[in-house]
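Please read the structure below before turning to the comments.
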Amino acid sequence: MNSFPYQPELPYERNTAFAYDERQPVHGQVTWTYGGPVTKCEMPWSENNYMTVAVARNSPYRCGQFIRLRNIQAPYGREVVVKVVDEVEDYPPNRLNIHRNAFEALGVNPNVGVLNVEIIPASDSQMEGWGARLLHVVETAYPGYRIAEYHLLTKTKISNTAMKESYSFKLQSSQGNLDIQGDIIYNPKANRLSSFQIKEI
C-alpha cells in the first residue's frame, strides 16, 4: 500500500492507551494513500466511492465498519464517512490512513500530509442501508462526477409504515461542482422502497 511519505512527530505516545467509547468522538489523525490491489479485508479501495480507510491492527474498528471523520482544522466541520477495507502497520489506534479522495473531501490539499480529525464510530451509519442505495442513484444520474462529500440531513417518521430520509451530496468534476439533495421514502417494516427523488440545489 502506497502511503504519503510525510511522517511528522505525533503529538501522543505510541504506547498511550486508546480510550475508546463508541458513544463519543475521539481526536486523531489521518494520512492518505492511493491504496493497493490487495487488502486485509478483501475489499477494494474503490468501495463506498473510494471513501475508504485502513486502520491499525489494534484498532477498535473492524472490516466493513463505517467511520465518520470530521475535519477540526480549517476548513472546520467538513465530514466524510469512510468504510474500513484494510489494515496498516505501525499506526496507533487513533491514526487512520484514508484514500486520497476522502482526504481531499475533507477540504484540504493532500500536500498537508497529516490532518487532525474527530473520529466518530458509525456502526449505524447513515450511509448504510437506504442512504447507500441513494448514493448509487446519484452516481448513476451524474456520470463523470465524483461524490466528494455526503451526509444525512434529516430522518423523519411520516407514519408507522413510512420513513423519510434526506441526504446532501457534494459532487465534483472538471465541469464544476454541484450540490444535490436526495430524498428517499421507505417502509421500515417491509424494508421496501416507496419513492425517491434527487434535485440540484
For region 38-58, the count of residues that are modelled with pLDDT under 90 and closer than 18 Å to E118 by Cα equals 1
For region 155-168, does any single residue satisfy the condition of being modelled with pLDDT under 90 and either part of a helix (DSSP H, G or I) or over 24 Å from K83 (Cα atoms) (or both)?
-> no
Within region 121-154, considering residues that are assigned to a loop (DSSP other than H, G, I, E, B) and charged (D, E, K, R), the one modelled with the lowest pLDDT | D124
Could you please tell me which pairs satisfy a Cβ distance under 6 Å, a separation of 6+ or placement on different chains, a first residue in region 47-68 that is without any contact (Cβ under 8 Å) to a residue 40 or more places away in the chain, and a second residue that is acidic (D, E)?
-> R57/E87
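The values are calculated or read from the model by the stated rules, or taken from the named source; none is laboratory data. None of these values were measured; they are calculated from a predicted model. Here the Cβ is made from the backbone with ideal geometry for all residues, glycine too, and neighbour counts use every protein chain on show.
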